[in-house]
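A.B. asks: One structure coming up, written as structure tokens, with questions to follow.
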Amino acid sequence: MSDFDLYRPAEEHDMLRETVRALAEAKIGPHAAEVDEQGRFPQEARDALTAADLHAVHVPENYGGAGADALATVIVIEEVARVCASSSLIPAVNKLGSLPVILSGSEELKAKYLGPLAKGDAMFSYALSEPDAGSDAAGMKTKAVRDGDFWVLNGVKRWITNAGVSEYYTVMAVTDPEKRSKGISAFVVEKGDEGVSFGAPEKKLGIKGSPTREVYFDNVRIPADRMIGAEGTGFATAMKTLDHTRITIAAQALGIAQGALDYAKGYVQERKQFGKAIADFQGIQFMLADMAMKISAARALTYQAAAASERGDADLTYQGAAAKCFASDVAMEVTTDAVQLLGGYGYTRDYPVERMMRDAKITQIYEGTNQVQRIVMARNLP
Ligand SMILES: Cc1cc2nc3c(=O)[nH]c(=O)nc-3n(C[C@H](O)[C@H](O)[C@H](O)COP(=O)(O)OP(=O)(O)OC[C@H]3O[C@@H](n4cnc5c(N)ncnc54)[C@H](O)[C@@H]3O)c2cc1C
């Protein structure tokens, strides 16, 4: 590598971006407005991503996956989010749901669950949050009680992305109520396990194509070898997972923001007021410049964090939180400005920027709100 290559993605990353952008524009973007309007799962996106082996690129090659590094995974999510944020939750949540198994699972669990994920036969969800345990996730009530060679799970998980569509769920549950976060263990639960059921889809502001539902566990009896890692390590695994996957939320935010800037950039050239294109007004140019500048900064932070995730740097917790927090705040600002640049038209569903603004909001909330990210950063200052 020459010195000049230090601060840019490798050629393979640029080629991957071109491939994903072409696929996203041809096969995912055209359905984005309808998916949002109807609040339906973006099956076309799942099919297109699976056919191109882009649905779960992070799965290591020895389990049948593409073995993409963290930056490649970020680029896939960013490019899909640029046209449809809901669809970008397919590769993002497949990583979120399966990373606990990759980081802490036994060989048997990896062999059993990563293969179907890599093939596209199954999706993976992550079930940490509960109705009364969001930011304070360790306050969860779902419990698992040992019964011979089995664990029996009871409880409710809330806000679970892709619930009902995913075959597999990483579920965090209390195995020792005395020990709080050290008394939580992680398990793989299958959709077909007896006693698993789902609530009605939540009616949301944005990412309407991504199903968000409660998951109920009613005496769900699973074999003991479905535990991920040792008893009592589930919360640590859940947090370690988020260190890596918050970067995928940063990527999603970045993609949404870039999509909004790209659309607004074209619109201001076409729209004429006072006898000229509104792009000719300096007030408009300054807004576009600020949007682009913020996106560039968010991208630099996100790619730097992806590299830290790949290397397993000691300051990953800080970097992941910083990237997610910054990029999501940028996505909210940039999409709001994009709506402004389209004037009244921007406020209607005839143009994509209002959807992007609604979709951007969630990136400031999930995988830890941006207040929580600031707590995480403050505790891990570089
Ligand atoms: C669409 C969607 C999809 C989701 N997908 C998943 C998923 O797949 N899996 C999963 O496990 N979870 C998922 N979540 C849950 C998400 O991570 C939580 O909603 C989030 O962590 C916040 O928890 P809460 O909603 O209970 O809010 P609360 O924790 O009740 O927070 C309310 C407000 O208080 C603030 N706050 C709380 N504590 C503090 C503090 N100490 N200092 C300062 N401010 C504080 C928060 O920042 C927030 O502004 C999803 C949520 C949504 C909406």
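A.B. asks: Here are some residues: 78, 44, 18. Which one is within 13 Å of the chain's Cα centre (by Cα) and in a helix (DSSP H, G or I)?
C.D. replies: Step by step, each of 78, 44, 18 is checked, and only 78 is within 13 Å of the chain's Cα centre (by Cα) and in a helix (DSSP H, G or I).
A.B. asks: Turning to a different aspect of this structure: What are the residues in the range 355-382 that are within 11 Å of the ligand (Cβ to nearest atom), assigned to a helix (DSSP H, G or I) and within 23 Å of residue 125 (Cα to Cα), if any?
C.D. replies: The answer is 359, 361, 362, 370, 372, 373.
A.B. asks: Further question on the same structure: In this structure, does residue 142 turn out to be modelled with pLDDT of 95 or more, under 20 Å from residue 231 (Cα atoms) and touching an Asp or Glu at 6+ places or on another chain (Cβ under 7 Å)? Give the derivation first.
C.D. replies: Working: modelled with pLDDT of 95 or more: yes; under 20 Å from residue 231 (Cα atoms): yes; touching an Asp or Glu at 6+ places or on another chain (Cβ under 7 Å): yes.
Yes: the conditions hold for residue 142.
A.B. asks: In the range 119-134, which residues are under 18 Å from the mean Cα position of the chain (by Cα), outside any strand (DSSP E or B) and within 12 Å of the ligand (Cβ to nearest atom)?
C.D. replies: Scanning the range 119-134 gives 123, 128, 129, 134.
A.B. asks: Somewhere in the range 243-263, is a residue more than 27 Å from residue 153 (Cβ to Cβ), in a helix (DSSP H, G or I) and among the acidic types (Asp, Glu)?
C.D. replies: Among the residues of the range 243-263, at least one is more than 27 Å from residue 153 (Cβ to Cβ), in a helix (DSSP H, G or I) and among the acidic types (Asp, Glu), which makes the answer yes.
A.B. asks: Output yes when any residue across the range 87-100 is farther than 25 Å from residue 200 by Cα and part of a helix (DSSP H, G or I), and no when none is.
C.D. replies: Yes, because at least one residue in the range 87-100 is farther than 25 Å from residue 200 by Cα and part of a helix (DSSP H, G or I).
Let's see how each residue does on (1) surrounded by fewer than 24 Cβ atoms within 10 Å (Cβ to Cβ); (2) in contact with a strand residue (DSSP E or B) (Cβ under 8 Å, 6 or more places away or on another chain); (3) of a type in the set (D, E, K, R); (4) farther than 18 Å from residue 124 by Cα:
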residue: 19; (1), (2), (3), (4): yes, no, no, yes
residue: 22; (1), (2), (3), (4): yes, no, no, yes
residue: 61; (1), (2), (3), (4): yes, no, yes, no
residue: 79; (1), (2), (3), (4): no, no, yes, yes
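A.B. asks: Can you tell me which residue in the range 135-161 is farthest from residue 206 (Cα to Cα), limited to those that are near the ligand (Cβ under 9 Å from one of its atoms) and in contact with a Phe, Trp or Tyr (Cβ under 8 Å, 6 or more places away or on another chain)?
C.D. replies: At the first step, the residues of the range 135-161 found to be near the ligand (Cβ under 9 Å from one of its atoms) are 135-137, 157-161.
Those still in the list that are in contact with a Phe, Trp or Tyr (Cβ under 8 Å, 6 or more places away or on another chain) too: 137, 157, 159-161.
Numbers: 137: 23, 157: 21, 159: 14, 160: 15, 161: 13 Å.
My answer is 137.
A.B. asks: Report yes if residue 364 is at pLDDT 95 or above, crowded, with 18+ Cβ neighbours inside 10 Å and not hydrophobic (A, V, I, L, M, F, W, C), otherwise no.
C.D. replies: yes
A.B. asks: Say we look at the range 315-354 and pick out the residues that are of a type in the set (D, E, K, R) and part of a loop (DSSP other than H, G, I, E, B); which of these is nearest to residue 161 (Cα to Cα)?
C.D. replies: 349
A.B. asks: Let me ask something else about it. Just checking, which of 280, 218, 262, 225 is surrounded by fewer than 24 Cβ atoms within 10 Å (Cβ to Cβ), of a type in the set (Asp, Glu) and without any contact (Cβ under 8 Å) to a residue 24 or more places away in the chain?
C.D. replies: The unique qualifying residue is 280.
A.B. asks: Only one of these conditions is not met by residue 116: (1) more than 13 Å from the ligand (Cβ to nearest atom); (2) free of Cβ contacts under 8 Å to residues at least 24 places away in the same chain; (3) not basic (Lys, Arg). Which number is it?
C.D. replies: (2)
A.B. asks: Of these, 93, 57, which one is under 15 Å from the mean Cα position of the chain (by Cα) and more than 16 Å from the ligand (Cβ to nearest atom)?
C.D. replies: Every option except 57 fails the conditions.
A quick yes/no check of all residues on (1) among the charged types (D, E, K, R); (2) out of contact with any Ser or Thr (no Cβ under 8 Å at 6 or more places or on another chain); (3) closer than 21 Å to residue 87 by Cα:
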| residue | (1), (2), (3) |
| --- | --- |
| 310 | yes, yes, no |
| 329 | yes, yes, yes |
| 351 | no, yes, yes |
| 358 | yes, yes, yes |
| 376 | no, no, no |
| 380 | no, no, no |
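The values are calculated or read from the model by the stated rules, or taken from the named source; none is laboratory data. Since the model is a prediction, treat every value here as computed from it, not as a measurement. Positions of Cβ are generated from backbone atoms using ideal geometry, with glycine treated the same way; all protein chains shown enter the neighbour counts.
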